[in-house]
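What follows is a short report on a single structure.
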Amino acid sequence: MPDNTLALATGILTAVTALSATWVAGRGAILAARAEARETRHDRLADSRRASYVNLLNTVIDIRWQLIAAMNFAKVGDATAADAIMRTRNTMVSEIQRHRTVALLEGPRTLNAATHALSHAAVQLMLDLEKVLNNPQPSSMETLLGPSMAQLNAATDRFLHGAQEILGTV
């Protein structure tokens, strides 16, 4: 009988050990899967934010190129080309507003003020450009657009710095 008791106790101990090991391994696998899912979700969010920030910045770059082109055409007296560029203003403004909205939705809220400032500065520059092109003296363009360009540059820098902090690239 004592041998049977010892065998039974050994069997129970083995079964409990096996069940505990299975539970611990299963729990570890669940925790690892959750951690991987969190990391994947974080990476997707970072990629999505990065894409929205890049789109907004590319639109601002397009506006700057439009500005340079319009100024060059106006300096050489090509009013038709400058007018054509200004006709694209509405498209450019709607593009920047669309990309601003996406950047705001992607968040976080700590970047909202910089996002608003950047889109406002870009739109203001386009409006000021229109005023300058309607002004009969295109020679004063740099003087008249300087403040708007400085505002856009400062807003771009603030936005870039905020985006870099959020994305962890600083």
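If you filter region 57-76 down to residues that are crowded, with 17+ Cβ neighbours inside 10 Å and among the small types (G, A, S), you find that the one that is nearest to H99 (Cα to Cα) is A70.
Of all residues being acidic (D, E), over 15 Å from T88 (Cβ atoms) and within 18 Å of the chain's Cα centre (by Cα) in region 24-77, which is modelled with the lowest pLDDT? Just the residue, please. Within region 24-77, the match that is modelled with the lowest pLDDT is D43. Here is the figure for region 121-164: residues that are surrounded by 15 or more Cβ atoms within 10 Å (Cβ to Cβ), at pLDDT 90 or above and among the small types (G, A, S) total 2. Exactly one residue out of R87, R109 is exposed (fewer than 12 other Cβ atoms within 10 Å of the Cβ), of a type outside the set (A, V, I, L, M), under 26 Å from L45 (Cβ atoms) and out of contact with any strand residue (DSSP E or B) (no Cβ under 8 Å at 6 or more places or on another chain): that is R109. Looking at this structure, is T59 closer than 17 Å to F159 by Cα and in contact with an Asp or Glu (Cβ under 6 Å, 6 or more places away or on another chain)? So T59 fits the description; yes. Do we find a residue being in contact (Cβ under 8 Å) with a residue 12 or more places away in the chain, touching a helix residue (DSSP H, G or I) at 6+ places or on another chain (Cβ under 7 Å), closer than 30 Å to A46 by Cβ and not hydrophobic (A, V, I, L, M, F, W, C) anywhere in region 128-151? Within region 128-151, one or more residues are in contact (Cβ under 8 Å) with a residue 12 or more places away in the chain, touching a helix residue (DSSP H, G or I) at 6+ places or on another chain (Cβ under 7 Å), closer than 30 Å to A46 by Cβ and not hydrophobic (A, V, I, L, M, F, W, C). Among the residues that make up region 95-106, is at least one of them more than 19 Å from the chain's Cα centre (by Cα) and charged (D, E, K, R)? Within region 95-106 (the criterion being more than 19 Å from the chain's Cα centre (by Cα) and charged (D, E, K, R)), the answer is no, since none of the residues qualifies. Listed by first and then second residue, the pairs linking a residue in region 78-93 that is at pLDDT below 75 to a residue that is of a type in the set (D, E, K, R) and part of a helix (DSSP H, G or I), with Cβ atoms under 6 Å apart and 6 or more places separating them unless they lie on different chains, are M86/E130. Reported count of residues in region 90-120, each being in contact with a Ser or Thr (Cβ under 8 Å, 6 or more places away or on another chain) and under 21 Å from N72 (Cα atoms), is 1.
When A117 is tested against the conditions (1) modelled with pLDDT under 90; (2) surrounded by 12 or more Cβ atoms within 10 Å (Cβ to Cβ); (3) within 18 Å of I63 (Cβ to Cβ), the lone failure is (1). Hey, among the residues in region 94-105 that are touching a residue at least 40 places away in the same chain (Cβ under 8 Å) and surrounded by 18 or more Cβ atoms within 10 Å (Cβ to Cβ), which one's nearest to L45 (Cα to Cα)? The selected residue is A103.
The values are calculated or read from the model by the stated rules, or taken from the named source; none is laboratory data. Because the structure is predicted, anything quoted here is derived from the model rather than measured. No Cβ is skipped: glycine too gets one built from the backbone with ideal geometry, and neighbour counts run over all protein chains shown.
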